[in-house]
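Here's the structure, in structure tokens; my notes come after.
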Amino acid sequence: MSTRPAIAAAAIAVLLLGSAALAQQSVWGSFTAKATSAGNSITAATDFRAPTVSASVLAKTAGGTVGQLKKGGTYYVYANASDAGNPASGVATVTANVSSITSGSTAVALSAGSFTAGGVAYAYRSASLTAGSSLAAGSYSYSLTSTDVAGNSKTQSGYSVVVDNTAPAGTDVQTLNGGTANGLAEAGDKISFSFSKAIDPNSVLAGWSGAATNVVLRLNNGSGSGNDTATIYNAANSTQLPLGSVNLGRTDYTPANITFGASGTASSMAMSGNTITVTLGTQSAAATTAAGTGTMSWTPSASATDQAGNATSTTAVTESGTADIDF
């Protein structure tokens with residue numbers, strides 16, 4: 001048998017293996033070769049999400065109740081904002097568009113800091129702004145735009161403030177016997193002041209929420225020149241509160257000026273709805289029992305304001321109902 005075909009086949013196999021090896025080397029070389037090109041670099045943004053405002057309120061610069069304002073009144077815009085990036089680049093700016101309230105104010109800057117309004121903490125607040133002098137009563141909307149350091153920004157709407165231009169007024173003054181004798185001012189008796197609408201408690205006493213707080217009632221003798229009167233002072237008995245003065249309609253409730261709550265058990269003041277009630281505490285001296293009925297007259301103070309900042313009318317209010325013996 002001839003060996004030539006076998007030799008030829010073996011030679012062909014060697015040639016094929018060599019070609020495959022060369023091809024493999026060629027492919028390997030194409031993957032291991034590299035070339036430098038600036039256009040081939042890959043980058044990724046570390047923060048591509050805009051920050052978010054989580055809360056905002058508009059409040060009078062005088063403080064107290066938030067969310068209400070009168071025409072021509074001054075106010076602040078408060079907000080809380082945080083950056084949502086991962087990792088976050090940080091909040092760069094927060095601005096408010098309050099042009100519906102203050103003409104032309106489309107991008108009012110809010111400064112970072114530590115602020116409180118309505119008992120809530122805020123991290124951003126605007127400078128004092130003034131509402132338009134001709135704003136009609138109603139609800140007005142505003143929006144906020146927050147921008148992070150990476151340049152991402154987001155505008156959020158849905159915030160509003162109520163404009164109220166109606167001034168409050170006194171509607172009634174009453175006393176209630178809580179002591180041992182009718183007609184005798186003593187600890188436990190009450191005197192209440194009613195208004196046509198809710199008063200901002202902060203305008204009566206700075207920082208007051210309307211909850212029971214200590215005060216002093218002064219029962220003042222008319223000294224022959226007029227009827228006896230009642231006025232309300234702060235707990236230190238140093239400053240008269242803006243609840244005006246009550247003419248008791250008689251001259252025989254006290255022979256001298258006396259206090260209730262300056263020492264011993266303090267007098268207490270609390271607000272419920274449109275009424276502020278003072279409960280008398282320990283008295284400094286004995287009062288006298290009124291010999292007959294009388295009608296009280298209360299002159300409110302303009303320093304007490306409603307929740308929008310409107311001053312209370314100082315028109316005197318006469319005690320409602322038939323003449324009676326007070327306290």
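The values are calculated or read from the model by the stated rules, or taken from the named source; none is laboratory data. Since this is a predicted model, take the numbers as computed values, not measurements. When we count neighbours, we look across all protein chains shown, and the Cβ atoms used for this are built from the backbone with ideal geometry, even at glycine.
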Problem set entry | Selection from segment 183-214 of residues that are closer than 20 Å to Trp298 by Cβ and charged (D, E, K, R) | Asp189, Lys190, Lys197, Asp200
Exercise. What are the residues in segment 149-159 that are surrounded by fewer than 19 Cβ atoms within 10 Å (Cβ to Cβ), in contact (Cβ under 8 Å) with a residue 24 or more places away in the chain and within 21 Å of the chain's Cα centre (by Cα), if any?
Worked result: Gln156
For this session: Quick one: which residue in Asn182, Asn214 is surrounded by fewer than 18 Cβ atoms within 10 Å (Cβ to Cβ) and modelled with pLDDT of 95 or more?
Result: Asn214
Exercise. What number of residues within segment 285-298 satisfy the criterion of being under 22 Å from Gly273 (Cβ atoms) and either β-branched (Val, Ile, Thr) or in a loop (DSSP other than H, G, I, E, B) (or both)?
Worked result: 1
For this session: Considering only segment 266-276, state which residues are out of contact with any strand residue (DSSP E or B) (no Cβ under 7 Å at 6 or more places or on another chain) and part of a loop (DSSP other than H, G, I, E, B).
Result: Gly273
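Quick grid of which residues meet (1) without any contact (Cβ under 8 Å) to a residue 60 or more places away in the chain; (2) part of a strand (DSSP E or B); (3) surrounded by fewer than 18 Cβ atoms within 10 Å (Cβ to Cβ); (4) in the same structural domain as Ile191 (by TED's automatic domain parsing):
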residue	(1), (2), (3), (4)
Pro242	no, no, no, yes
Gly249	no, no, no, yes
Thr254	no, no, no, yes
Gly264	yes, no, yes, yes
Val278	no, yes, no, yes
Gly281	no, no, no, yes
Asp326	no, no, no, no
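Looking at Thr175, Thr180 in this structure, which one is within 30 Å of Asp324 (Cβ to Cβ), without any contact (Cβ under 8 Å) to a residue 12 or more places away in the chain and in the same structural domain as Thr279 (by TED's automatic domain parsing)?
Thr180
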Exercise. For segment 75-154, list the strands (runs of 3 or more DSSP E) that sit wholly inside it and hold at least 2 residues that are under 20 Å from Gly64 (Cα atoms) and out of contact with any Leu (no Cβ under 8 Å at 6 or more places or on another chain); which are they?
Worked result: 108-117, 120-126, 138-148
Problem set entry | Selection within segment 189-203 - over 19 Å from Thr175 (Cβ atoms) and outside any loop (DSSP other than H, G, I, E, B) | Ile199, Pro201, Asn202, Ser203
Exercise. Does segment 163-179 hold any residues that are within 26 Å of Ala131 (Cα to Cα) and surrounded by fewer than 19 Cβ atoms within 10 Å (Cβ to Cβ), and which are they?
Worked result: Asn165, Thr166, Ala167, Ala169
For this session: Return the pairs, sorted by first residue and then second, in which the second residue is aromatic (Phe, Trp, Tyr), the first residue lies in segment 136-148 and is modelled with pLDDT of 95 or more, the beta carbons are less than 7 Å apart, and the residues are 6+ apart or on different chains.
Result: Ser141/Tyr159; Tyr142/Tyr159; Ser143/Tyr159; Leu144/Tyr159
Problem set entry | Within segment 138-177, considering residues that are in contact with an Asp or Glu (Cβ under 6 Å, 6 or more places away or on another chain) and hydrophobic (A, V, I, L, M, F, W, C), the one nearest to Ser100 (Cα to Cα) | Ala150
Seminar exercise, completed: The one condition Gly273 fails out of (1) surrounded by fewer than 18 Cβ atoms within 10 Å (Cβ to Cβ); (2) free of Cβ contacts under 8 Å to residues at least 60 places away in the same chain; (3) of a type outside the set (Ser, Thr, Tyr) is (2)
Exercise. Does Thr106 satisfy the condition of being surrounded by fewer than 19 Cβ atoms within 10 Å (Cβ to Cβ), within 15 Å of Gly309 (Cα to Cα) and not assigned by TED's automatic domain parsing to the domain that holds Asn310?
Worked result: no
For this session: Examine segment 216-230 for a residue that is under 21 Å from Val317 (Cβ atoms), in a strand (DSSP E or B) and in contact with a Lys or Arg (Cβ under 8 Å, 6 or more places away or on another chain), and state whether such a residue exists.
Result: yes
